[in-house]
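Enquirer: Sharing a structure below in structure tokens format, with a few things to ask.
The values are calculated or read from the model by the stated rules, or taken from the named source; none is laboratory data. Keep in mind it's a predicted model, so treat the numbers as computed, not measured. Note that each Cβ is placed from the backbone with ideal geometry, even for glycine, and that neighbours are counted across all protein chains shown.
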Amino acid sequence: MRYVDLPGFAHELVYMRPLSRADAPSWYAYLTKPHVLEHTSWHLASMDELQLKFDAMESSDLGAEMRFAIILNDSGALVGTVGFHSVSPLNRTAEIAYDLAPDVWGRGIAAAACNAVVEWGFSHLGVVRIQATTLDTNTRSARVLEKCGFQCEGLLRSFRMVRGNPRDFWIYSRLNPHSAVAET
């Protein structure tokens, strides 16, 4: 992995660690549930496609995707991931992504993990802007971003193809409060 220090993360139900290929079956199992899939832009036809994500995360490219596993304290089961699916060292920006298994929705885990990774991105990666996109129908994710201090910047019409259909996405951002950009 390209990162040494993990984000500071505190939640009574879960902890965070680097995501590994051994997590793929659990990750795939909840990502492909219909009530999870409807809120994402994922299009996973097989476990092999998810393995391509691990190939990208193992890249030495500074702009490569990076994800952390969200693990239940009591069982050690993977219940989510959080991280950056894109990083631009040149522009000092990143785009955050997160997902959770439905059996832990509504417990504050996504907001806690999102906040931890955002703060880590500002302090360890030196980014000045972290953005997020969410399907226009994903109100839960929009609430998470708003709880984490992200501001909605607008609607991106037909922004991404989602399982063969152009879909609208809201774009949110949060600026590093310690950067010169945020102060102007």
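Enquirer: Would a scan of the range 109-127 turn up a residue that is within 27 Å of L37 (Cα to Cα) and without any contact (Cβ under 8 Å) to a residue 24 or more places away in the chain?
Expert: No, every residue in the range 109-127 fails to be within 27 Å of L37 (Cα to Cα) and without any contact (Cβ under 8 Å) to a residue 24 or more places away in the chain.
Enquirer: Going through E95, E119, E153 one at a time, which residue ends up being touching a His at 6+ places or on another chain (Cβ under 7 Å), more than 25 Å from P25 (Cβ to Cβ) and of a type outside the set (S, T, Y)?
Expert: Matching residue, one of E95, E119, E153: E95.
Enquirer: Now for a separate question. Does at least one position in the range 143-162 carry a residue that is modelled with pLDDT of 95 or more, crowded, with 16+ Cβ neighbours inside 10 Å and in a helix (DSSP H, G or I)?
Expert: yes
Enquirer: Turning to a different aspect of this structure: Could you check, for the range 125-133, whether at least one of its residues is surrounded by 14 or more Cβ atoms within 10 Å (Cβ to Cβ) and at pLDDT below 95?
Expert: Yes, the range 125-133 contains at least one residue that is surrounded by 14 or more Cβ atoms within 10 Å (Cβ to Cβ) and at pLDDT below 95.
Enquirer: Output the number of residues of the range 131-167 satisfying the condition of being under 14 Å from E95 (Cβ atoms) and of a type in the set (D, E, K, R).
Expert: 2
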